[in-house]
Amino acid sequence: MKFFVAVAEELHFTRASARLRIAQPHLSQEIRRLEREIGVELFVRTKRSVALTTAGRAFLERVRTVLDDTAGAVYAAQRASRGETGRIRLGFVTVAAVDVIPNATARFRSAYPDVEVLLKDVQSDEGLEAVRAGQLDLCLLHPPRTVDPALNIETIWLEPLVAVLPLSHPLADKHRISLQRLKSEPWIIVHRENGSRLHDETIAACAAAGFEPRVVQRTTRLTTAISMVASGIGVALLQITSARLAFGGVAYRPLRSPGTSIPVAFAWRRDQTAPVLAHFMAVVRNSALRRKVGS
């Protein structure tokens, strides 16, 4: 088709062959082969001139469109291979939504405006299952201790756990507290099926302090746990970033050494190789590093 367009525009086989940088007899053979393949004559040839037939003029119009579309398709494929276009379905837990995801998403959209980023707030275990099922491309979550080998897990930062107390609590004015001093308190913890890592780390931290928490309420969400603490229902052990959710009526107190942290990590399928994911993950890593430096 490129040979045909060159001859149609030059209306001269010698000039067209020079333009294409091929031998003129080869060009003539290719045009004859094209005419035989589609079953019509595209050119009227005389010793002195070359002209398009009616069929040739109709063919030229369509061929130019096909070549333009082909060039566009090649360009689109090249941009996708460089991670400049596409779509990311991203899940994230609440602590990631406080600053890392908003900042990273804004910076990524500025750098890659033709990539669609679909955001979904999830619980960790819910997000892990969505990644496993192919419903999310990437999730920033608290990974369980044991993870499906079909998934990649990359820790981005560690989230220290802090005691969350009602403002009226006797220990609320302390700078740091020992977890063992909360052994007699009523506890609020996250359901294990919603956040297995936070649940397990809370139970393990209490066990390390020599007690089993007396659980009076289980919740499905971090924000609900904070509200219940503010209401005086009990105490909780939550991520330090939860202090930035601007809830009133609670005090966040670091634990005396040794403290406990839980990872915030990327989860994605091992068979997920879209270049656009690598770009987004790099931006998130940088945002997390800025967060750490600025904290």
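The values are calculated or read from the model by the stated rules, or taken from the named source; none is laboratory data. All values reported here derive from a predicted model rather than from experimental measurement. Heads up, the Cβs are rebuilt from the backbone with ideal geometry, glycines too, and the neighbour counts pull from every protein chain shown. What goes into the accessible areas is simple: the full protein's heavy atoms, side chains included, and nothing from ligands, DNA or RNA. Shrake-Rupley method; radii C 1.70, N 1.55, O 1.52, S 1.80 Å.
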Quiz item: Based on the alpha-carbon gyration tensor of region 168-295, what equivalent-ellipsoid semi-axes (square roots of 5 times the eigenvalues) come out, in whole Å, largest first?
Solution: 31, 17, 15
Practice problem: Let me know the volume per residue of the alpha-carbon convex hull for region 31-172, in Å³. | Solution: 200
Quiz item: Of all the accessible heavy-atom surface of region 207-263, with the other protein chains kept in place and a 1.4 Å probe, what percent is carbon and sulfur?
Solution: 48
Self-check item: Portion, in percent, of the accessible area of region 55-191 that falls on carbon or sulfur, probe 1.4 Å
Solution: 51
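Is it possible to state the helix-based mean residue ellipticity at 222 nm for the chain, with each DSSP H run of 4+ residues giving -39500 (n - 2.57), the sum divided by total residues, to the nearest 500 deg cm²/dmol? What is it?
So the calculated ellipticity at 222 nm is -13500 deg cm²/dmol.
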Quiz item: Mind listing the phi-derived Karplus ³J(HN,Hα) values for region 83-89, rounded to whole Hz, using 6.51, -1.76 and 1.60 with θ = phi - 60°, and x for any glycine or proline?
Solution: x, 9, 9, x, 9, 10, 9
Practice problem: Obtain the nm distance between the two label points defined at Thr53 and Arg192 by a simple spin-label model: each point lies 7 Å from its Cα along the Cα-to-C-beta direction. | Solution: 8.0
Self-check item: Residues with amide H under 5 Å from that of Cys139, placed H, sequence gap 5 or more
Solution: Gly91, Ala267
Exercise. Provide Glu154, Glu201, Glu193 ordered by accessible surface of protein heavy atoms (probe 1.4 Å), highest first.
Key: Glu193, Glu154, Glu201
Quiz item: Which value, in Å² rounded to 10, gives the accessible area of Ser196 with a 1.4 Å probe and all protein chains present?
Solution: 10
Quiz item: Ordered by residue, what ³J(HN,Hα) values in Hz, to whole numbers, does region 233-239 give under the Karplus form 6.51 cos²θ - 1.76 cosθ + 1.60, where θ = phi - 60° and Gly and Pro are x?
Solution: 6, x, 10, 8, 10, 9, 5
Quiz item: What span do the alpha-carbon atoms of the chain cover on each of the three principal axes, reported in whole Å from largest to smallest?
Solution: 106, 33, 29
Exercise. May I ask you to give the solvent-accessible area per residue for the chain, in square angstrom, as obtained with a 1.4 angstrom probe?
Key: 53
Practice problem: Can you figure out the FRET efficiency of Gln135 with Ser81, using R₀ = 30 Å and their beta-carbon distance, to the nearest 0.05? | Solution: 0.75
Quiz item: For Glu154 and Phe211, what does the FRET efficiency come to when R0 = 45 Å and r is the distance between their Cβ atoms, rounded to the nearest 0.05?
Solution: 0.85
Exercise. Report, by chain and number, residues whose modeled amide H sits under 5 Å from the one on Ile88, excluding near sequence neighbours (fewer than 5 apart, same chain).
Key: Glu116, Val117, Leu118
Quiz item: For region 47-113, what is the Kirkwood hydrodynamic radius in Å, using each pair of distinct C-alpha atoms?
Solution: 16.4
Quiz item: Which value, in debye to the nearest 20, gives the size of the charge dipole of the chain about its Cα centre, when Lys and Arg are +1 and Asp and Glu are -1 at the Cβ?
Solution: 760
Quiz item: Kirkwood Rh over Cα pairs of region 243-288 into Stokes-Einstein at 25 °C, 0.890 mPa s: D in µm²/s?
Solution: 169
Quiz item: Amide H to amide H, which residues 5 or more places from Thr53 or on other chains are under 5 Å from it, using H placed in the peptide plane?
Solution: Phe43, Val44
Self-check item: Volume per residue of the C-alpha convex hull in region 182-228, rounded to whole Å³
Solution: 63
